[in-house]
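Below: one structure, written as structure tokens.
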Amino acid sequence: MDSKINTEIERVEIIGVPISATNMDECVDFLVSNFEAARGEYICVSNVHTTVMAHDDPCYKTVQSSSILSLPDGKPLSVLGSKAFPKMGRVTGPDLMRELFEDERASAFSHYFYGNTKENLDALIRKLEGSYPSLKIAGYEPSIFRPLTEAEENELCSRIDASHADFVWVGLGAPRQENLCFKLKGRTNSCMIGVGGAFNILAGITPEAPRWMQDLSLEWLYRLIQEPKRLFKRYFVTNTKFILYVMASKMRKA
């Protein structure tokens, strides 16, 4: 399957992790025009957190690097990447979902939603049915919140293929969703996209940062204000590491 993939979208290394040098319009065009090549593949929606994890964990770096696309969800990634590729811009999970759901060229695609709790997933489906009446929802199922056995993976792939889904949106959070997509690569006819918390955002459960905060790379601060106990350590450690790794990378190039 790899031989069919259009490789026109290059990658730029950010702290040693290859991120696709793309933007929203190009990404949507790529998926619409190259969809048959994307079947059985997966897409990572990458941010500072996942990039630092990939830098620190060679196995997870392989997972990120083996995707058909690793999109610059985090504003710092697109800013750094744009120095080599000026066209590079943010491609967030929620926005990618909205763009594909609204694009007339993608209206024939059907969608499967996997992950999250049953309650939140039901809320997402209700919201999507109301906001996108013509959206083809092939199926959906919540996470069981533990790693799947090989038999369960095969059963999941069978359910997805039986639904004739084109896209499978995976909302398990990083790194679990990317690791699952990596394991299922080539085992389903769909294109899998790990979108983390996008399910809750589109369902209206999690507030979305104002656009001006996203544009100023302050989305992390907005989320921290929403969930300080859960996110303080993660953002403090991850953001600090990212800054240090970027500085070290610049020193090596100097």
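The values are calculated or read from the model by the stated rules, or taken from the named source; none is laboratory data. Being a predicted model, the structure only gives us computed values, none of them experimental. Using ideal geometry, Cβ is built from the backbone for each residue, glycine included, and neighbour counts are taken over all protein chains shown. What goes into the accessible areas is simple: the full protein's heavy atoms, side chains included, and nothing from ligands, DNA or RNA. Shrake-Rupley method; radii C 1.70, N 1.55, O 1.52, S 1.80 Å.
I'd like the accessible area for Ser158: 1.4 Å probe, protein heavy atoms, all chains in place, Å² to the nearest 10.
70 Å²
For region 18-165, report the accessible area per residue in Å² (1.4 Å probe, heavy atoms, rounded to an integer). Don't skip to the end; give the middle numbers.
Numbers: 6210 Å² over 148 residues.
Per-residue value: 42 Å².
Using alpha carbons only, how many degrees (0 to 90, rounded to 10) separate the axis of helix 118-131 from the longest principal axis of the chain?
Long axis of 118-131 versus the principal axis of the chain: about 80 degrees.
Using the Karplus curve 6.51 cos²θ - 1.76 cosθ + 1.60 with θ = phi - 60°, work out ³J(HN,Hα) for each residue of region 137-148 in order, rounded to whole Hz, and write x for Gly and Pro.
9, 6, x, 6, 7, x, 6, 9, 6, 6, x, 7
First select every other residue whose beta carbon is under 13 angstrom from the beta carbon of Lys241; then total the charges, Lys and Arg +1, Asp and Glu -1. The partial results should precede the final answer.
On the way: positive: Lys233, Arg234; negative: Asp56, Asp57.
Spelling it out: positives minus negatives among the neighbours equals 0.
Placing unit charges on C-beta atoms (Lys and Arg positive, Asp and Glu negative, everything else neutral), compute the dipole magnitude of the chain about its Cα centre in debye, rounded to 20.
Details: 30 positive and 32 negative charges, 217 e Å.
Computed about the Cα centre, the dipole is about 1040 debye.
What whole-number distance in Å separates the alpha-carbon centres of region 169-241 and region 39-71?
First find each Cα centre; the distance between them is then 13 Å.
Accessible area, 1.4 Å probe, largest first: how do Thr149, Thr22 sort?
Working: Thr149 70, Thr22 0 Å².
Solvent-accessible surface, decreasing: Thr149, Thr22.
For region 1-130, which whole-number percentage of the solvent-accessible area (1.4 Å probe, protein heavy atoms only) is attributable to carbon and sulfur atoms? Before the final figure, lay out the partial values.
Details: 2530 of 5200 Å².
Within region 1-130, the accessible surface is 49 percent carbon and sulfur.
Dividing the Cα convex hull volume of region 106-254 by residue count, how many Å³ per residue is that? Walk me through the numbers on the way to the answer.
Numbers: hull volume 24.7 nm³, N = 149.
Roughly 166 Å³ of hull volume per residue.
What value, in deg cm²/dmol to 500, does the helix sum -39500 (n - 2.57) over DSSP H runs of n ≥ 4 give at 222 nm once divided by the residues of the chain? Before the final figure, lay out each step's value.
Working: 13 runs with 130 residues, N = 254.
Theoretical 222 nm ellipticity from helices: -15000 deg cm²/dmol.
Taking amide H positions as placed in the peptide plane 1.01 Å from N, state which residues far from Gly115 in sequence (5 or more) or on other chains have amide H under 5 Å from it.
Glu141, Ser143, Gly171
About the Cα centre of region 1-151, what is the dipole size in debye to 20, counting +1 per Lys and Arg Cβ and -1 per Asp and Glu Cβ, all else neutral? Please report the intermediate quantities before stating the final value.
Working: 15 positive and 22 negative charges, 46 e Å.
Once rounded to the nearest 20, the dipole reads 220 debye.
What residues have an amide H closer than 5 Å to that of Cys191, excluding those fewer than 5 places away on the same chain, when H is modeled at 1.01 Å from N in the peptide plane?
For Cys191, whose amide H was placed from the backbone, the distant partners under 5 Å are Gly40, Phe167, Val168.
Where a ≥ b ≥ c are the square roots of the eigenvalues of the C-alpha gyration tensor, would you call region 1-120 rounded, which needs a/c under 1.5, or, failing that, prolate if a/b is larger than b/c, or oblate? If you can, show how the numbers build up before the last one.
On the way: a/c = 1.45, a/b = 1.27, b/c = 1.14.
In terms of gyration-tensor shape, rounded.
Once the Cβ-Cβ distance between Arg126 and Arg211 is put in as r, and R0 is 22 Å, what FRET efficiency do you end up with, to the nearest 0.05? Intermediate values should be presented prior to the final figure.
Values: r = 25 Å, r/R0 = 1.14.
Calculated value: 0.30.
Average the reciprocal distances over every distinct pair of alpha-carbons in the chain, invert the result, and give the Kirkwood radius in Å.
18.6 Å
Which one of Gln177, Leu148, Tyr222 is farthest out on the positive end of the charge dipole of region 130-231, using unit charges on Cβ (Lys, Arg +1; Asp, Glu -1) and the Cα centre as origin?
Farthest towards the positive pole: Tyr222.
Expressed as an acute angle from 0 to 90° and rounded to the nearest 10, what is the orientation of the C-alpha long axis of helix 150-163 relative to the principal long axis of the chain?
The angle comes out near 60 degrees.
Would you mind telling me the antiparallel percentage of the DSSP bridges in the chain, rounded to 5?
Numbers: 4 of 25 bridges.
Around 15 percent of the beta bridges assigned by DSSP in the chain are antiparallel ones.
With r defined as the distance between the Cβ atoms of Ile137 and Lys253 and R0 fixed at 51 Å, what FRET efficiency is calculated, to the nearest 0.05? All intermediate terms of the calculation are to be shown ahead of the outcome.
Values: r = 47 Å, r/R0 = 0.92.
My answer for the efficiency is 0.60.
Tilt of helix 93-102 relative to the longest C-alpha principal axis of the chain, in degrees (0 to 90, nearest 10)?
Relative to the chain, helix 93-102 is tipped by roughly 40 degrees.
So for region 46-177, averaging the separation of alpha carbon pairs under 8 Å that are six or more residues apart and normalising by length, what relative contact order in percent results?
Numbers: 136 pairs, mean separation 31.0, N = 132.
Reported relative contact order: 24 percent.
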